[in-house]
Protein chains: 4
Amino acid sequence: MIIITQPTATEEQIEQIVARVQAFGVEAEVSRSESRVIVGVVGPEELVREKLLANMPGVEAVVPVAKPYNLASSEARGAASIVDICGVSIGCDSAVALICGPCSVESREQILSLARKVKDAGARLLRGGAFKPRTSPYSFQGLREEGLRFLAEARNETGLPVITEIMDARDLPMVERYADCLQIGARNMQNFSLLKEVGRSHLPVLLKRGFSATLDELIMSAEYILSEGNMNVLLCERGIRTFETATRYTLDLSAVPILKAKTHLPVVVDPTHGVGLRAFVPQMSLAAVAAGADAIMLEVHDTPDVAKSDGQQALVPETLSKLLPRLRAVANAIGRDL
Amino acid sequence: MIIITQPTATEEQIEQIVARVQAFGVEAEVSRSESRVIVGVVGPEELVREKLLANMPGVEAVVPVAKPYNLASSEARGAASIVDICGVSIGCDSAVALICGPCSVESREQILSLARKVKDAGARLLRGGAFKPRTSPYSFQGLREEGLRFLAEARNETGLPVITEIMDARDLPMVERYADCLQIGARNMQNFSLLKEVGRSHLPVLLKRGFSATLDELIMSAEYILSEGNMNVLLCERGIRTFETATRYTLDLSAVPILKAKTHLPVVVDPTHGVGLRAFVPQMSLAAVAAGADAIMLEVHDTPDVAKSDGQQALVPETLSKLLPRLRAVANAIGRDL
Amino acid sequence: MIIITQPTATEEQIEQIVARVQAFGVEAEVSRSESRVIVGVVGPEELVREKLLANMPGVEAVVPVAKPYNLASSEARGAASIVDICGVSIGCDSAVALICGPCSVESREQILSLARKVKDAGARLLRGGAFKPRTSPYSFQGLREEGLRFLAEARNETGLPVITEIMDARDLPMVERYADCLQIGARNMQNFSLLKEVGRSHLPVLLKRGFSATLDELIMSAEYILSEGNMNVLLCERGIRTFETATRYTLDLSAVPILKAKTHLPVVVDPTHGVGLRAFVPQMSLAAVAAGADAIMLEVHDTPDVAKSDGQQALVPETLSKLLPRLRAVANAIGRDL
Amino acid sequence: MIIITQPTATEEQIEQIVARVQAFGVEAEVSRSESRVIVGVVGPEELVREKLLANMPGVEAVVPVAKPYNLASSEARGAASIVDICGVSIGCDSAVALICGPCSVESREQILSLARKVKDAGARLLRGGAFKPRTSPYSFQGLREEGLRFLAEARNETGLPVITEIMDARDLPMVERYADCLQIGARNMQNFSLLKEVGRSHLPVLLKRGFSATLDELIMSAEYILSEGNMNVLLCERGIRTFETATRYTLDLSAVPILKAKTHLPVVVDPTHGVGLRAFVPQMSLAAVAAGADAIMLEVHDTPDVAKSDGQQALVPETLSKLLPRLRAVANAIGRDL
């Protein structure tokens, strides 16, 4: 952190700035030129409260130079991470993985049938919600443990590892008994109690970007999980809230190369929620692969017209089958498998 | 709900639309004019999945006519609600209440001293955080139960009822032992597990708007609490995230009259977080009172320059004392007390 | 401007940084501490291209310290400016002024009748559009010169100075013949050709904030006008575009105190466009006065239900008359007249 | 347009609704069911002022069923349009076209040299600005007619057609003498005077989306040009303003398939401005091709570190050359040439 003083700062003001820096438990290093004095912080920058310095008399600007995250940053490791979910590798040079399944688990038959179909269509992981965060208390809230049991059964039959959302820290032991990867939904991206809890789980965590979270905030939320000891975190772009109403959210594909530059973590894209309209999901899936996504998460439903949630945006298995060769061709075009 | 068909819709398509409406367990009422057919839903609209109708062949548009919330809506009661917090009335024609205190409880001395000062300056309720939601896992996270104890002690000494944030459903019994009103923070506005839990508490709940939640989503989250039986909910505008960077958030004061038109619940404004800069908090507090807010929530700190969180935006007690007569004059100007 | 180098920057890199700074025609001042080197720019900062320095090897951060605007900044004058429009003073300690009138001039009778009514209701200036920027080419585009003539006639009869929008630089001589103050609409806030042209006019200019312009961009657009020699500029907040759909735009009242802190120019608020719904315009007008606005601009229409544009948001003269005493009471509450 | 009345609407209210519909010069068609009455508009919907009906007593909702644009809509033509710029076809199944060049024309040597290099690297059109819209009046504003002359010379030498921005309707005759395609910049997307003027030009127009314009507003601005008789319009996505600050704007690639579904016009993507950071332009260009863009517009500069504008985001010709085979491979992967 560098504190730039105003040209008019007095010696007394500079002394107070230095004193406050030292009060945070770090060293202050003063350098003087003809027109102004600059105070550098030597020591762990997270001890220093930037905004309390910025308001002091004589201060022109305070410039943080350390990143606020350590474990997630690309500098923290020599290379991009690979997260392994029961034998499926995601990240770095691994093949782009398709994660498919319904929004909600609705019945045993539904999830077993769909799991087989998405496997045939090329999916390598199975997604499905047993706990559903719904805007309205009157909407379908999920099958809970029964849904988890059906998911586990579908995994056992197809071999597809299961990703499912957890909404409440109290459910962790139960969800861990059935799932292979935990999902933190967009609305819980800053539910810090939950983040800490899954940070102590042995399962990998797919962390969705809040729909109005900056990329730095997403990384800070990943840092919560990493700092509890769980190093298997996947970041997921799923659309941000903007003024545009033609789509449900605005899928921010620039998040892919930027997250991969800032962190070593794999990046997943969920075009289904980003666009919210079935007709445009294929094009955005192709674009996500071209942008460098390590995995693509797609809602697929047998009979989306009667789905209990989000039917309007789910693909049918046949569309997925037709899309697969094009996804693979785009992956190959940028030098990756799928 | 009204389904407008396309002029080109066939009789078969119309039959399918009617059949799907009926499959949701409600009646369909068909009306025909020369140029098109319109299908009305008769029965509880929440049973019908709008988006699944909108995608059907032959459908031009689907128009919901019922509000998605019942208990919160202004029609649900004859008049605006008053929420009583240990004898302090908020809402309807009650005097505008000031809710003041530090961002975080930092020590016993701090909160006792501040509680006395804000009381002297005109505050009628005390706020202070014992659990702090922080973007970084490395930032101060609050004194937890110790902080709650200090808050209760300050309440006992000053008589000011205490509002404090709860972040984790598992903490509810503990928080209920000390607090007079629960606060749900912006980041947890859609933590539905937590909403349901506080919906079963006997304490009133101050629900903050998520910084990218629409007003309808805020009301739906209130509906979660109300639908569990807790009727004492205060809605709080605290700034939304926009493209503007001159302020921390953009305080959306139009939320005040609109929430009061849509619901019967009292509306609180938190100018401190909305603006994020101490120098502009007084003007925005005056504007919030003029817009009709039922209470104003202000961060106040004895020595904001060394506060453990958010010091840059806290007022000192002296500023609050000077602001009070102007706040009261504005309240009087629109026919209210303060 | 201060260039902070990385701790690992080589001497060669520092020399290149210094060389590039000098290539912009300004001096570089190097200061060294133990852990890093800092390069300060001495000379007019606008000559230096910040982003071209930020990308250089060895650079950690580039920190601008000069404001990009000179003439508009609060430091440029000792005190807040007053803009005089035919004898009506706006700004500084002047009484808060009401600027009222229809969205569009629709006929001679309409504008004459309305001008009288808004004058009786307390307005001190008359607004009305003769050229209308409309999203659709098929909407009413204004009466053009005929509309200007009717406005001038209304001014002559009532004595209210006239503010009207100009959309095309080629119309300036014509508009100048009739109007007392030029309005630049939100959609033209960055129509730089037009800004330069009105910067050469003898008439004051009311500059509306673009609905997605930052406050700094608004000030930079004012700077275009000021830099051409026209010092009579009023800044107008009229709502910004956010994700919220309950209102037409989100009225950003924090713009008022911030613009008054950053610049010496008077600040006008247009609650009508900001909210877009007649029912909430009075509360937002009161809030705007409480926030410190120097003038309030309100759409008023005799028969808003049949207005040719924006009828849904216009007040009727009777509502304005009833609102006036409350506006005045709020102005008095903060120590101003109205 | 369909007007849905409230279940409680009286016969008198319904008569008044019908009367107001008829007053707009169209027919009203009433259909009655048991629970409510619905009034349909028969005739050109653009004559009816939706908001004035929505406010009437007894009205529940007004539902427009016609699109507000006619000429631009996909229904207006049997197939997607192809715009021809001096022999280069853009749109429909044509090969994806690269439009490359510097942000600003800086000198004759610069543009001639760059034109040759981008041609060698695969560009099929040349871009370059002679008039520059700059936030600050103190920034470089372009070489004006001299710049246009240099562009024309570069076209004559390389055969690459020239696209250049026009900012002022008064410059049209001059720009038409030199350019092959007119560009309307994002800041002028709702400069309706300028849109009408270029609507009367014989040159094709590339219309950039305003950075906070909805897709429907972009199409309405295209409609301004089309309605003046100029049918050769290209729509260009160039990033929208959101809360995210890691990128200059947020490139909204979902705009590509949506604009192609809503209109028959070709869609161009400008990843350079959307991302604003050179390092991420290649990935977003690949994603834009995968999403279905008909052309990609890229800023290229020989020596971006000393460019007079936007150097931080320009690619060097060598990067473009290396990117080309990957762009082509992605285009082929979705069945197109490049």
key: Enumeration of residues in segment D:24-58 that are assigned to a loop (DSSP other than H, G, I, E, B), over 25 Å from C:Ala279 (Cβ atoms) and touching a residue at least 24 places away in the same chain (Cβ under 8 Å)   = D:Ser35
message = Tell me yes or no: at least one residue of segment A:246-258 is in contact with a Pro (Cβ under 9 Å, 6 or more places away or on another chain), within 13 Å of chain B (Cβ to nearest Cβ) and surrounded by fewer than 24 Cβ atoms within 10 Å (Cβ to Cβ).
response = no
message = Within segment D:2-23, take every residue that is assigned to a loop (DSSP other than H, G, I, E, B) and within 10 Å of chain B (Cβ to nearest Cβ) and give me the one that is nearest to D:Met56 (Cα to Cα).
response = D:Gln6
note = Residue hits (segment B:29-86; hydrophobic (A, V, I, L, M, F, W, C) and on the phi > 0 side of the Ramachandran plot) are B:Cys86
key: Qualifying residues in segment B:285-338 (those that are basic (Lys, Arg) and more than 11 Å from every other protein chain (Cβ to nearest Cβ)) - the one surrounded by the most Cβ atoms within 10 Å (Cβ to Cβ)   = B:Arg336
request  = Return a yes/no flag: does segment C:59-66 have any residue that is free of Cβ contacts under 8 Å to residues at least 40 places away in the same chain, among the aliphatic types (A, V, I, L, M) and within 16 Å of D:Val306 (Cβ to Cβ).
outcome  = no
inquiry  = Consider segment B:236-259. How many of its residues are assigned to a helix (DSSP H, G or I) and of a type in the set (Val, Ile, Thr)?
reply    = 2
key: Residues of segment C:226-239 that turn out to be touching a Gly at 6+ places or on another chain (Cβ under 8 Å) and either on the phi < 0 side of the Ramachandran plot or at the interface with chain D (Cβ under 10 Å from one of its Cβ atoms) (or both), as a count   = 7
request  = Return yes or no: is A:Leu234 surrounded by 23 or more Cβ atoms within 10 Å (Cβ to Cβ) and under 14 Å from A:Ala293 (Cβ atoms)?
outcome  = yes
message = Among the residues of segment D:112-140, what is the count of those that are touching a Ser or Thr at 6+ places or on another chain (Cβ under 9 Å) and without any contact (Cβ under 8 Å) to a residue 24 or more places away in the chain?
response = 3
request  = For C:Asn156, work out the one condition from (1) of a type outside the set (Val, Ile, Thr); (2) modelled with pLDDT of 95 or more; (3) within 26 Å of C:Leu235 (Cβ to Cβ) it doesn't fulfil.
outcome  = (3)
request  = Return yes when D:Met189 is more than 9 Å from every other protein chain (Cβ to nearest Cβ) and not polar (S, T, N, Q) and no when it is not.
outcome  = no
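Yes or no, residue by residue, for (1) more than 21 Å from D:Val306 (Cβ to Cβ); (2) of a type outside the set (A, V, I, L, M); (3) assigned by TED's automatic domain parsing to the domain that holds D:Gly199:
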{"site": "D:Glu109", "(1), (2), (3)": "no, yes, yes"}
{"site": "D:Lys119", "(1), (2), (3)": "yes, yes, yes"}
{"site": "D:Phe140", "(1), (2), (3)": "no, yes, yes"}
{"site": "D:Glu145", "(1), (2), (3)": "yes, yes, yes"}
{"site": "D:Glu157", "(1), (2), (3)": "yes, yes, yes"}
{"site": "D:Glu165", "(1), (2), (3)": "yes, yes, yes"}
{"site": "D:Ala169", "(1), (2), (3)": "yes, no, yes"}
{"site": "D:Met174", "(1), (2), (3)": "yes, no, yes"}
{"site": "D:Arg177", "(1), (2), (3)": "yes, yes, yes"}
remark   = Those residues of segment C:293-338 which are part of a loop (DSSP other than H, G, I, E, B) and within 26 Å of B:Arg328 (Cβ to Cβ) amount to C:Ala293, C:Asp294, C:Ile334, C:Gly335, C:Arg336, C:Asp337, C:Leu338
note = When every residue in segment C:273-284 that is modelled with pLDDT under 95 and at the interface with chain B (Cβ under 9 Å from one of its Cβ atoms) is compared, the one surrounded by the fewest Cβ atoms within 10 Å (Cβ to Cβ) is C:Ala279
Filter pass, A:Glu223 being within 7 Å of another protein chain (Cβ to nearest Cβ), in a loop (DSSP other than H, G, I, E, B) and either touching a residue at least 60 places away in the same chain (Cβ under 8 Å) or more than 13 Å from the chain's Cα centre (by Cα) (or both) = no
ask   = In this structure, is A:Ser81 under 19 Å from A:Glu223 (Cβ atoms), touching a Pro at 6+ places or on another chain (Cβ under 8 Å), of a type in the set (Gly, Ala, Ser) and in a loop (DSSP other than H, G, I, E, B)?
value = yes
task = Hey, could you check segment A:227-261 for residues that are touching a residue at least 60 places away in the same chain (Cβ under 8 Å) and touching a strand residue (DSSP E or B) at 6+ places or on another chain (Cβ under 7 Å) and say which is farthest from A:Ser201 (Cα to Cα)?
result = A:Lys260
remark   = Taking segment A:72-94 and keeping residues farther than 22 Å from A:Ala154 by Cβ and hydrophobic (A, V, I, L, M, F, W, C) leaves A:Ala72, A:Ala76, A:Ala79, A:Ala80, A:Ile82, A:Cys92
task = For residues that are surrounded by fewer than 24 Cβ atoms within 10 Å (Cβ to Cβ) and either among the β-branched types (Val, Ile, Thr) or more than 9 Å from every other protein chain (Cβ to nearest Cβ) (or both), tally how many sit in segment D:261-272.
result = 1
Checklist (1) buried (at least 20 other Cβ atoms within 10 Å of the Cβ); (2) among the aliphatic types (A, V, I, L, M); (3) within 9 Å of chain C (Cβ to nearest Cβ) applied to A:Val48, failing item = (3)
remark   = Within segment D:111-128, restricting to residues that are touching a strand residue (DSSP E or B) at 6+ places or on another chain (Cβ under 9 Å) and surrounded by fewer than 24 Cβ atoms within 10 Å (Cβ to Cβ), the one that is farthest from D:Asp302 (Cα to Cα) is D:Arg124
inquiry  = Just to verify a result, which residue in segment C:64-91, among those that are hydrophobic (A, V, I, L, M, F, W, C) and in contact with a Ser or Thr (Cβ under 7 Å, 6 or more places away or on another chain), is surrounded by the most Cβ atoms within 10 Å (Cβ to Cβ)?
reply    = C:Ala72
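The values are calculated or read from the model by the stated rules, or taken from the named source; none is laboratory data. It should be emphasised that the depicted structure is a prediction, and the values quoted were computed from it without experimental measurement. Positions of Cβ are backbone-derived with ideal geometry, glycine not excepted, and every protein chain shown enters the neighbour counts.
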